[in-house]
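Structure first, then comments.
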Amino acid sequence: MSQDITLDVVREWDTKDILRGFRDHFVIPDGMIYLDGNSLGPAPKKALLALERAAHSEWGHDLIRSWNSAGWFNLPLKLGDKIGALIGAAEGQIAVCDSTSINIFKALSAAAKMRPDRKTIVAEGASFPTDLYIAEGFAASQPHLTLKLQGVDADRIEDLLSPDVGVVLLNHVNYRSGYLHDMKTMTARIQAAGALVIWDLCHSAGALDVELDACNADFAVGCTYKYINGGPGAPAFIYVAKRHQLQARQPLSGWWGHARPFAFEQQYEAAPAIARFLCGTQPILSMQSLNGALEVWQGVNMKDLRTKSLALTDLFIKLVEKRCNGYDLQLITSRNHSERGSQVGFTHPHAYEIMQALIAEQVIGDFRAPDVLRFGFTPLYLGFEDVWNAVEVLHNILITKRWQNPRFTAKNTVT
Ligand SMILES: *Cc1c(COP(=O)(O)O)cnc(C)c1O
């Protein structure tokens, strides 16, 4: 990007953008620049259609028959395979079910049991909090286990990899800074130390080209309501590498994970496959919404997605630093492509108020405590001109100090 960037230049990039047509698949309110698809993806039109069909025809008309006729019962594994295609996992290794929090619990339990002589679990102190809370809760339920944190007990993950470590839980992309781990290298290091790795893909699934199988990952979890656009509260997913599936046991041994759920046997026998990671009845309306959302992904090449994502975040960083120079914004996201997810964060002492002012002007990002303005970049529906316009609004809010209006200081429950 040596050329001087002007509005004409970014418009030109939009006309050459091979992913541009995907924007028509989404409902984006007029005038809105949506930079929060890393928190809740917008509605794909196909998801709304699938929801309507699931509600009116499958539930409203066909009722109980839909478990077979609409394939409801098979949705967790069918959707799991579709997600697998986005994150480099061959079929039969992913189940869509429950929430990410619950799936972290299941993965931690299964992995810890596969390393019975090792008494330490490692996670990142800067993880998304639920990862830490679940790890803490799990460790507390197993008196022989201790949780150690990178950033608290040692500076680097590598320094914590003693022979006592059985499981390492990592966030592929950090939710606040956007820092991206090198999955292949980290997986190899952790496995060389004899431990198993669980990758949390909440901020990378649907955001970049994840390669679970090629990286030899052990376990992974992630949500579908962020970059995958499955809808608010859409179920999460769990990946268990084929080579582990017969040894891996999780404690929420509900009937959907049974080898023969409809035999209604008295004793539990885990399904000899990824289905053993299911627990019980799933939210079918949300599953069908996700099913519709996944249709949009069928034509997406993840390498193209990644190329555009980096071009969008490069442009945003460059324009903010040029247009908003001198206003106390500090970049916390790596400039290095190999260390950057699909989001950009800046700190500012008045980040909360500035974000509220941006939202009031239809530039939707979010605030992350204590002082981060966070912007997510989603290549399927954002263009380069959107990035240009968002920076112009930010610039205007900063020079006019409109964020100082008292209505922007009241804290909402959800930030
Ligand atoms: C969004 C997110 C979650 C969400 O967990 P839920 O159980 O869906 O509430 C978990 N971990 C990470 C890293 C996230 O970004």
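The values are calculated or read from the model by the stated rules, or taken from the named source; none is laboratory data. Computed from a predicted model, the values in this text were never measured in an experiment. Virtual Cβ from ideal backbone geometry, glycine too; neighbours counted across all protein chains shown. To get the accessible areas, we keep the full protein, side chains included, count just its heavy atoms, and leave off ligands, DNA and RNA. Shrake-Rupley method; radii C 1.70, N 1.55, O 1.52, S 1.80 Å.
Can you spot a residue in region 307-330 that is farther than 20 Å from Asn171 by Cα, at pLDDT 95 or above, among the hydrophobic types (A, V, I, L, M, F, W, C) and part of a strand (DSSP E or B)? For region 307-330, residues farther than 20 Å from Asn171 by Cα, at pLDDT 95 or above, among the hydrophobic types (A, V, I, L, M, F, W, C) and part of a strand (DSSP E or B): absent.
I'm checking my understanding of the structure. Among residues of region 196-235 that are in contact with a Lys or Arg (Cβ under 7 Å, 6 or more places away or on another chain) and more than 16 Å from the ligand (Cβ to nearest atom), which one is nearest to Thr100 (Cα to Cα)? Filtering first and then ranking leaves Leu196.
Looking for whichever is open to solvent by 10 Å² or more (accessible area, probe 1.4 Å), touching a strand residue (DSSP E or B) at 6+ places or on another chain (Cβ under 9 Å), among the basic types (Lys, Arg) and closer than 25 Å to Ser204 by Cβ here; the options are Arg340, Arg368, Arg374. Which one fits?
Details: Arg340 fails: open to solvent by 10 Å² or more (accessible area, probe 1.4 Å); Arg374 fails: open to solvent by 10 Å² or more (accessible area, probe 1.4 Å).
It is Arg368.
When you go through Glu353, Glu321, Glu392 one by one, which is the residue that is under 30 Å from Thr15 (Cβ atoms), open to solvent by 10 Å² or more (accessible area, probe 1.4 Å) and without any contact (Cβ under 8 Å) to a residue 60 or more places away in the chain? If you could, list the steps in order and put the result at the bottom.
On the way: Glu353 fails: under 30 Å from Thr15 (Cβ atoms); Glu392 fails: without any contact (Cβ under 8 Å) to a residue 60 or more places away in the chain.
One residue alone meets the criteria, Glu321.
Within region 187-214, being open to solvent by 20 Å² or more (accessible area, probe 1.4 Å) and not small (Gly, Ala, Ser) holds for Arg189, Gln191, Asp209, Glu211, Asp213.
Checked against (1) surrounded by fewer than 16 Cβ atoms within 10 Å (Cβ to Cβ); (2) closer than 20 Å to Pro44 by Cβ, Leu312 passes all but condition (1).
Only one of Leu79, Leu86 is open to solvent by less than 10 Å² (accessible area, probe 1.4 Å) and not polar (S, T, N, Q); which?
Values: Leu86 fails: open to solvent by less than 10 Å² (accessible area, probe 1.4 Å).
When all the criteria are applied, what remains is Leu79.
With the condition being within 16 Å of the ligand (Cβ to nearest atom) and either at positive phi or among the aromatic types (Phe, Trp, Tyr) (or both), I'd like the helices (runs of 4 or more DSSP H) fully within region 52-134 carrying at least 1 qualifying residues. It would help to see each step written out before you state the result.
Numbers: elements: 66-69, 75-86, 100-114.
Correct list: 100-114.
I'd like to know if region 285-294 contains one or more residues that are free of Cβ contacts under 8 Å to residues at least 60 places away in the same chain and open to solvent by 50 Å² or more (accessible area, probe 1.4 Å). Scanning region 285-294, I find no residue that is free of Cβ contacts under 8 Å to residues at least 60 places away in the same chain and open to solvent by 50 Å² or more (accessible area, probe 1.4 Å), so the answer is no.
Please work out if Ile18 is over 27 Å from Ile238 (Cβ atoms) and surrounded by 14 or more Cβ atoms within 10 Å (Cβ to Cβ). Working first, answer last.
On the way: over 27 Å from Ile238 (Cβ atoms): yes; surrounded by 14 or more Cβ atoms within 10 Å (Cβ to Cβ): no.
No; evaluated as a whole, the condition is false for this residue.
Of all residues in region 151-171, those being closer than 17 Å to His181 by Cα, surrounded by fewer than 19 Cβ atoms within 10 Å (Cβ to Cβ) and away from the ligand (no atom under 16 Å from the Cβ) number 4.
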